[in-house]
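Below you'll find the structure, written out as structure tokens, and then a few comments.
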Amino acid sequence: MIGRLNHVAIVVPDLAAAALMYETALGATVTPPKALPEHGVTTVFVELPNTKIELLHPLGDDSTIQKFLDNNPSGGMHHVCYEVEDIHAAIAHLVGQGARVLGDGQPKPGAHGLPVVFLHPKDFCGTLVELEEVKAA
Ligand code: CO
């Protein structure tokens, strides 16, 4: 059911420093920071030939990733995002398998404006999983 790895997300304490480190030390192409107030994050994408790394920093007072940063002050891996072709079919399948979809269980527009849902980390080996609907080109 899942397709390509769309991105791996890493929460960072200093977005500019993290972007610069990826750009200079690792020689990667990074996008300018983008504020997503509705998600409580600012993002920078590191563009790799086969996938992306999403650098995340809390935005606003009630950001859901602030607690993550409090628990992991130097940052850390936050979630992996897999592509699916039909997010509603994927949700129905997962719920049938006993997996838990976070929030109200309905897709919301994600960082790329495409529908996303998050799955409970306890159901997936301690890893927060994001599914993003990406139609086949
Ligand atoms: Co993501």
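The values are calculated or read from the model by the stated rules, or taken from the named source; none is laboratory data. Values in this document were obtained by computation on a predicted structure and should not be read as measured data. So basically every Cβ, Gly included, is an ideal-geometry build from the backbone, and we count neighbours across all protein chains shown.
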Filtering segment 19-37 for residues that are free of Cβ contacts under 8 Å to residues at least 40 places away in the same chain and closer than 14 Å to A111 by Cβ leaves a count of 5
Would a scan of segment 105-125 turn up a residue that is within 14 Å of the ligand (Cβ to nearest atom), without any contact (Cβ under 8 Å) to a residue 40 or more places away in the chain and part of a helix (DSSP H, G or I)?
yes
Please enumerate the residues belonging to segment 62-71 that are away from the ligand (no atom under 16 Å from the Cβ) and either among the hydroxyl-bearing types (S, T, Y) or over 21 Å from E38 (Cβ atoms) (or both).
D70, N71
Can you name every one of the strands (runs of 3 or more DSSP E) wholly within segment 1-84 that holds 3 or more residues which are of a type in the set (A, V, I, L, M, F, W, C), under 17 Å from the mean Cα position of the chain (by Cα) and modelled with pLDDT of 95 or more?
5-11, 41-47, 52-58, 76-84
Filter pass, L59 being within 23 Å of P107 (Cβ to Cβ), touching a Ser or Thr at 6+ places or on another chain (Cβ under 7 Å) and touching a residue at least 60 places away in the same chain (Cβ under 8 Å)
no
Could you check segment 72-104 and list, in sequence order, the residues that are more than 16 Å from the ligand (Cβ to nearest atom), exposed (fewer than 13 other Cβ atoms within 10 Å of the Cβ) and over 15 Å from E133 (Cβ atoms)?
P73, S74, V95, G96, Q97, G98, D104
